[in-house]
Each structure stands twice: as structure tokens, then as C-alpha cells.
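The values are calculated or read from the model by the stated rules, or taken from the named source; none is laboratory data. This is a predicted model, so every value here is computed, not measured. Reconstructed Cβ throughout: ideal geometry from the backbone, glycine too, with neighbour counts over all protein chains shown. To get the accessible areas, we keep the full protein, side chains included, count just its heavy atoms, and leave off ligands, DNA and RNA. Shrake-Rupley method; radii C 1.70, N 1.55, O 1.52, S 1.80 Å.
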Amino acid sequence: MSTLVETLFSMYRSNKTDGINKIRRLAQFHSDVLAGSVHAVTLAMIAEVKNLRTQVARLAIVGLGDLFTSLKKAMDPVSLMVFVDGVSNSFVI
């Protein structure tokens with residue numbers, strides 16, 4: 001799992017998109033695998049939402065949605081509140 005999260009910190013866009021897509025597939029089909037490292041995965045995905053590459057940012061947003069859909073109450077609400085707190089009002093509205 002740590003290797004998968006490390007791919008999100010790669011310099012290359014293709015590695016980032018591959019990593020996000022793998023996390024999305026894990027969330028959809030094998031959510032029990034992600035249950036142990038929800039915090040690390042959530043923080044890595046939040047970092048990619050802020051990515052300047054729109055393709056990476058879009059995939060990260062969709063990926064967070066997939067994490068919420070499949071993990072429900074196991075998601076880390078504190079990490080997401082920190083993210084929402086750091087976003088300007090114009091983006092939230």
C-alpha cells in the first residue's frame with residue numbers, strides 16, 4: 001500500500017494518474033485493503049486535488065468521491081475538514 005501512495009508523489013503525470021486509478025479500483029472492489037491506511041491515502045489524494053494539472057486534479061476529486069462511496073464511515077473526516085478549511089469561498093460556493 002505504501003508503494004501505491006508513493007506513486008502519487010511522483011514527478012510524472014502518468015504515474016500519478018495510474019496511482020489514482022489504482023486507488024479508485026481498490027476503493028470500489030477491495031475496500032477492505034484500504035481500511036488500514038485510510039488516513040495516508042486521503043492525505044495523498046487531497047494533495048493531488050491541488051495539482052495544477054487538471055487531469056490529475058479531476059481524477060483525485062473523483063477518487064475522493066469513490067473513497068467516500070465505498071468506505072463511508074471509515075473515511076477520515078479531520079483530513080477533509082482541513083482541506084475544506086484551506087479552500088477559498090469562491091471554490092466552495
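Things worth noting here:
- Summed over the range 41-63, the residues that are among the small types (Gly, Ala, Ser) and open to solvent by 20 Å² or more (accessible area, probe 1.4 Å) give a count of 1.
- When every residue of the range 8-16 is checked against the conditions, none turns out to be within 18 Å of Met75 (Cβ to Cβ) and in a helix (DSSP H, G or I).
- Sub-9 Å Cβ pairs linking a first residue in the range 1-21 that is within 15 Å of Leu59 (Cα to Cα) and touching a residue at least 12 places away in the same chain (Cβ under 8 Å) to a second residue that is small (Gly, Ala, Ser) and not in a helix (DSSP H, G or I), at least 6 apart or interchain, are Lys16/Ser10; Gly19/Ser10, ordered by first then second residue.
- Count of the range 54-68 residues, restricted to those that are closer than 12 Å to Leu8 by Cβ and at pLDDT below 90, is 0.
- If you go through the range 26-45 and keep only what is touching an Asp or Glu at 6+ places or on another chain (Cβ under 8 Å) and of a type in the set (Ser, Thr, Tyr), you end up with just Thr42.
- Candidates are the residues of the range 64-77 that are among the hydrophobic types (A, V, I, L, M, F, W, C) and either assigned to a helix (DSSP H, G or I) or touching an Asp or Glu at 6+ places or on another chain (Cβ under 8 Å) (or both); the one that is surrounded by the most Cβ atoms within 10 Å (Cβ to Cβ) is Leu67.
- Residue count for the range 22-37 satisfying the condition of being assigned to a helix (DSSP H, G or I) and free of Cβ contacts under 8 Å to residues at least 40 places away in the same chain: 10.
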